[in-house]
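Input: a single structure, listed below in structure tokens.
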Amino acid sequence: MRVPGFVIPILIVAALVGGYFLRLAFTQPTTSVTHVDTTGRMSVFIVEGLKCRGTASFFSSLYDSIPGIYGIETYATEHKAVFNYNPEMIGRDSIQAIMEAMIPFDDSTSAQVFKCISVE
Amino acid sequence: MTTVKNRYVRYSISVIILGLVTYLALGYGTRSFEAYCPFGGAESLWGLFTTGNFSCTLGPLNLSLMLTLIGLVVISKKSFCGWACPIGFLGELSGKMGGATWKKRPKVPSHINTWIKLLRYVVLAVALFFTYRTGELILRGYDPFFLIFSGFGHGSIGIISEIVLIMTAIGALIIPMFFCRYLCPLGAVFDPFSKLGIIKITRNDSTCTACGNCGDSCPHDIPVQTLRAVRHRDCTNCLECVDACPEKNTLQLRAGL
């Protein structure tokens, strides 16, 4: 069966668009940490600097001993962190301040590694 | 007239994709440009099966794009490579620039060409082995896609990355589609599926004058004039051969097994 040339670009666009939406079937957090198995308030932070598995693990570790944080899920490819927390113990501003604090390094320098772009 | 139309459509799509990748690479958009690399899907498979997690910067989009593109390859061969891949597009432009400077472009003898093409399976094996072993994207430092769009970002390995990119660029000026032919690991992933390609170029023996224009115009040096149907794994359905054929309807895109 003869196929017109314009079918090829249509198939390519369909494959790319299909791939974009098929991602939803595979979406899972880069890291998932649960400190307390309960549901509090959920907030989504878009964070610059959250870009790979390593930075995501480090990011989560910043909240390991912070009271009021029930759990954190990170999605590195979307630069997204989902916090489950108790708003009576810690506010969104405090969560943001912790991630944006200067991080000391072994070579005695320090730098701001994470920057919050938006909060939902 | 058809020459202009097919190539213009193909180049237009390539330019749009190249523009989108550049836009993402400049930091706009919600995801890194790496999130859209289909080869990342292959790199993430082992980690996904063994630990349930994606490696390094990889995510679900890499995997889903690889899967839908494999589907595309089964239907219409490596059309993604010829119509949309930014590196394929840059390789083709470099080949044309190089071609303009050569009086007669040196041609790699076909039996040697076949052997050198095995290099891309070596690249694939090395990339997957070390990515699976370390959980890091070790190919970054040697990957033209990453080096160009990240501007030698995190993961590049200094002078070695620069040499790799320069050698690849020089190679592309001498041999069209140099990277795609010999080094692209995504092409190696697609190879077995490309053989199945349902939509392919077919040649009508009764009207063919064996002028050889089709084979000469093929960016992958496929001897189209000797084939009844182009089942070659490297064919990207770019339609350059169809456009180059002086005999109307001799080369046609047809669907069939």
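Every number here is computed from the coordinates shown, using simple stated rules; none is lab data. Remember, predicted model here, so these are calculated numbers, not experimental data. Here the Cβ is made from the backbone with ideal geometry for all residues, glycine too, and neighbour counts use every protein chain on show.
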**Study point:** Percentage relative contact order, chain B, counting C-alpha pairs under 8 Å, at least six apart
**Key:** 23
Point to revise | Residue among A:Val7, A:Thr38, A:Ala111 farthest towards the positive dipole end of chain A, charges placed on Cβ | key: A:Val7
Point to revise | Among B:Phe129, B:Pro60, B:Ile87 - extreme Cα towards positive end, dipole of segment B:1-143, charges at beta-carbon | key: B:Ile87
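Tell me, Kirkwood radius of segment B:2-193 from alpha-carbon pair distances, in Å?
Numbers: mean 1/r = 0.0572 Å⁻¹.
One decimal place: 17.5 Å for the Kirkwood radius.
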Exercise for review: Work out Dmax and Rg for the protein assembly as shown from the C-alpha atoms and quote the Rg first, both in angstrom.
Suggested key: 24.0, 83
Practice item. Write out the trypsin sites (Lys or Arg not before Pro) in segment B:82-117 meeting two conditions: DSSP loop, and at most 10 other Cβ atoms within 10 Å of their Cβ. Key: B:Lys103, B:Lys104, B:Lys107
Point to revise | Alpha-carbon radius of gyration plus Dmax, which is the widest Cα pair, for chain A in Å | key: 19.6, 70
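Please average, across the residues of B:81-91, the number of beta carbons from any other chain that are within 10 Å of each residue's own beta carbon, and give a whole number. Please list the in-between numbers first.
Numbers: counts 0, 2, 5, 5, 0, 0, 0, 0, 0, 0, 0.
Shielding by partners across B:81-91 averages 1.
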Revision key, fill the gap. Fewest to most Cβ atoms within 10 Å: A:Cys52, B:Cys245 sort as A:Cys52, B:Cys245
Point to revise | Amide H contacts under 5 Å for A:Tyr70, placed H, 5+ residues apart | key: A:Asn84, A:Tyr85, A:Asn86
Study note, to complete from the structure: A correct fewest-to-most ranking of B:Val122, B:Val21, A:Val47 by other Cβ atoms within 10 Å would be B:Val122, B:Val21, A:Val47
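So how do B:Trp83, B:Trp115 line up by other beta-carbon neighbours within 10 Å, fewest first? Present the calculation step by step, with values, prior to reporting the outcome.
Values: B:Trp83 27, B:Trp115 10.
Least crowded to most crowded, the residues run B:Trp115, B:Trp83.
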Review point. In segment B:1-48, which chymotrypsin sites (Phe, Trp or Tyr not before Pro) are in a loop and have at most 15 other Cβ atoms within 10 Å, using DSSP for the loop call?
Key: B:Tyr28
Revision key, fill the gap. Kirkwood radius from Cα pairs of segment B:195-255 plugged into Stokes-Einstein at 25 °C, 0.890 mPa s, gives D in µm²/s equal to 219
Revision key, fill the gap. Under the rule rounded for a/c under 1.5, else prolate if a/b exceeds b/c, else oblate, using alpha carbon gyration tensor axes a ≥ b ≥ c, segment B:117-257 is classed as prolate
Practice item. Quick one: give the max-minus-min coordinate of the C-alpha atoms of segment A:54-103 along each principal axis, largest first, in Å. Key: 31, 22, 17
Revision key, fill the gap. Between A:Lys80 and residues 5 or more places away or on another chain, the pairs with built amide H atoms under 5 Å apart involve A:Val47, A:Tyr75
Review point. What list of whole percents do you get for P(r) of segment B:67-135, with Cα-Cα distances grouped in 5 Å bins up to the one holding the largest distance?
Key: 3, 12, 10, 16, 26, 17, 9, 4, 1, 0
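With an 8 Å cut-off on Cα pairs and a minimum separation of 6 or more residues, tell me the relative contact order of segment B:14-101 in percent. Walk me through the numbers before you get to the answer.
On the way: 78 pairs, mean separation 23.5, N = 88.
Relative CO of segment B:14-101 lands at 27 percent.
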Practice item. Apply the Karplus parameterisation 6.51 cos²θ - 1.76 cosθ + 1.60, with θ equal to phi minus 60°, to every residue of segment B:150-162 and state each ³J(HN,Hα) to the nearest whole Hz, in sequence, with x for glycine and proline. Key: 8, x, 6, x, 4, x, 6, 10, x, 4, 5, 4, 5
